[in-house]
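See structure below.
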Amino acid sequence: MRLAGWYWKPACCLGRSLALISVLVSMSASAQADSDDTQPAEAQRPTILFNRWQEDWSVLADPDVPREPFDEFKYLPLSTYDPKTYLSFGLNLRERIESNDAATFGLAGNHSDTYLLSRFEVFADLRIASQLQFFTMLASDFASNKSPLLPVDQDRLGIELAFAALTEPLGDGVLKVRIGRQQFSFDQQRFVAVRDGENVRQSYDALWGDYEIGAWRLISFYSQPVINRDLGSFDDYSSSHLTYGGVRVERHLSDTSSASFYYSQYRKDGASYITVQGDETRNIYDGHLNGHLGPWDWDVEGMGQFGEIGEDTIRAWAFGSLFGYTLADTAWTPRLGLQIDAASGNENPRSHELNTFNPLFPNGYYVTLAGYTGYVNFIHVKPSVTLHPTKSIKLLLAAAAQWRQTTADAVYTQPITPVPNTAGHGGSYTGTYAQGRIDWSLTPHYSFALEAVHFRIGSALAAAGAHDSNYLGVELRYGW
């Protein structure tokens, strides 16, 4: 009966969301049908990208490119001689209803909660002759009815992005430099991410440079990650008390595979773990390999962390992998997947060596959006099947089992929050969860997603008095 009651609120919200979506799909399908009848097949509008600053709207200088309402704000030419000199405006809107029972398995005062996460972003993009770019994005993020509010939940109004970029040919390659508040991510965003899964995205006040030549890309960066306060408007800040920087080398091994390696350093003053507090310095080495060959695809990453915190040394590691086999000639094009991940925990709380892995700036949805488990002190095995009923719909079905890497350390929720009364107590088995997710690209502007997770606790959590938990999230996005 409790479970049925828990699903009632999100079910009502889902009904309203689906009704809205049906109207949007009808309107967009009609507009698309009209434009498809009159446009040349080769004329293409830009795609709405994950990183909006990477879009190039100068294609609207071509009169054969199909037009949509308000295109006069997507492309405002500033030069009669160079179509690449222009000003563009845009926005993102994401509304997600979540019902969570509960983020820390009921052990930290969290109970069943249904709330709305709302993210609104508006931006201006100034381009000068394909060489200079000035990009600014404001964001307003709210979490209605959510308690307690976490730093990643709400930021009433702030500067999410504000940077200048230079692109310049250099020798046989291309040099790109960015300075200012920006966002960047690496690989599968396991450890360095934009943090799109949460409501407030992760920004960095940074200096970034990369040089691309042939199959190589060389990157160097220094950043002060932005911290969200939400005490007022425009109060986000960064400082020398939290820094992250490094160098990275990427190489295309073939048309379908690539490899990368990077060294970086993470520094945080006043860091706190279960057994030690103090100024933290981690020297980080990361290697990554990904690609596909025929029906097979793979993505493998390993990271080692070495340094010190207070008077203790740091020795920690993590491993992540995704493998898949796609049945291209079968209905719905099923992909059979296997995800295997692991991260170290603290082996001996009485020693002067800390083995707890720091996931740095992870993206929550790499595991699940529910946030029940973090990339710390865990072993994670997740078989899955991904189906494509249509070109615009993707369905994921998965089940996973989790263990602690060591029982001396705690069970952690995202990103690195220890579950109370689990360090040194209970067995290694954390639990099993089932996950279902639907992603639907309704139109070039609208997308819809639904994710459900049921987590059945194991001995490590049962010994602490935890209970099984459930998550349901319904999301609608719009990009212009």
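The table below lists the values:
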{"read-out": "Which numbered condition TYR365 fails, given (1) under 18 Å from the mean Cα position of the chain (by Cα); (2) on the phi > 0 side of the Ramachandran plot", "value": "(2)"}
{"read-out": "Condition broken by PRO418, with the remaining ones in (1) of a type outside the set (A, V, I, L, M); (2) out of contact with any Lys or Arg (no Cβ under 9 Å at 6 or more places or on another chain); (3) without any contact (Cβ under 8 Å) to a residue 60 or more places away in the chain satisfied", "value": "(3)"}
{"read-out": "Matching residues, the stretch 334-376, being of a type in the set (A, V, I, L, M, F, W, C) and modelled with pLDDT under 95", "value": "VAL367, LEU369, ALA370"}
{"read-out": "Selection within the stretch 62-84 - part of a loop (DSSP other than H, G, I, E, B), of a type in the set (Asp, Glu) and under 33 Å from the mean Cα position of the chain (by Cα)", "value": "GLU68"}
{"read-out": "Qualifying residue in the stretch 243-256 (condition: surrounded by fewer than 17 Cβ atoms within 10 Å (Cβ to Cβ), of a type in the set (Val, Ile, Thr), out of contact with any Lys or Arg (no Cβ under 8 Å at 6 or more places or on another chain) and farther than 30 Å from ASN421 by Cβ)", "value": "yes"}
{"read-out": "Qualifying residue in the stretch 406-414 (condition: closer than 19 Å to THR368 by Cα and surrounded by fewer than 17 Cβ atoms within 10 Å (Cβ to Cβ))", "value": "no"}
{"read-out": "Any pair with Cβ under 7 angstrom, 6 or more apart, that starts in the stretch 52-77 at a residue that is within 19 Å of VAL122 (Cα to Cα) and ends at one that is hydrophobic (A, V, I, L, M, F, W, C) and assigned to a loop (DSSP other than H, G, I, E, B)", "value": "GLU55/LEU49"}
{"read-out": "Residue check, SER428 polar (S, T, N, Q) and either under 30 Å from VAL122 (Cα atoms) or crowded, with 21+ Cβ neighbours inside 10 Å (or both)", "value": "no"}
{"read-out": "Members of the stretch 415-447 found to be closer than 30 Å to GLU55 by Cβ and out of contact with any strand residue (DSSP E or B) (no Cβ under 7 Å at 6 or more places or on another chain), listed by number", "value": "PRO415, THR443, PRO444"}
{"read-out": "Answer from GLY345, GLY302, GLY307 - the residue that is of a type outside the set (Phe, Trp, Tyr) and closer than 20 Å to SER257 by Cα", "value": "GLY302"}
{"read-out": "Selection within the stretch 213-268 - part of a strand (DSSP E or B), over 25 Å from THR281 (Cα atoms) and either free of Cβ contacts under 8 Å to residues at least 12 places away in the same chain or of a type in the set (Ser, Thr, Tyr) (or both)", "value": "SER254, SER257, SER258"}
{"read-out": "Selection count, the stretch 178-204, where residues are crowded, with 16+ Cβ neighbours inside 10 Å, on the phi < 0 side of the Ramachandran plot and over 18 Å from the mean Cα position of the chain (by Cα)", "value": "1"}
{"read-out": "Listing of strands (runs of 3 or more DSSP E) fully contained in the stretch 390-476 that carry 3 or more residues being among the charged types (D, E, K, R), more than 29 Å from SER351 (Cα to Cα) and in contact with a helix residue (DSSP H, G or I) (Cβ under 8 Å, 6 or more places away or on another chain)", "value": "none"}
{"read-out": "Selection count, the stretch 285-306, where residues are farther than 19 Å from PRO418 by Cβ and either without any contact (Cβ under 8 Å) to a residue 60 or more places away in the chain or out of contact with any strand residue (DSSP E or B) (no Cβ under 8 Å at 6 or more places or on another chain) (or both)", "value": "15"}
{"read-out": "Matching residues in the stretch 276-307 - criterion: being surrounded by 13 or more Cβ atoms within 10 Å (Cβ to Cβ) and either modelled with pLDDT under 95 or of a type in the set (A, V, I, L, M, F, W, C) (or both)", "value": "VAL276, ILE284, LEU289, TRP298, VAL300, MET303, PHE306"}
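The values are calculated or read from the model by the stated rules, or taken from the named source; none is laboratory data. The structure displayed is predicted, hence computed values, not measured ones. Quick reminder, even Gly has a Cβ in these numbers, built from the backbone with ideal geometry, and neighbours come from all protein chains shown.
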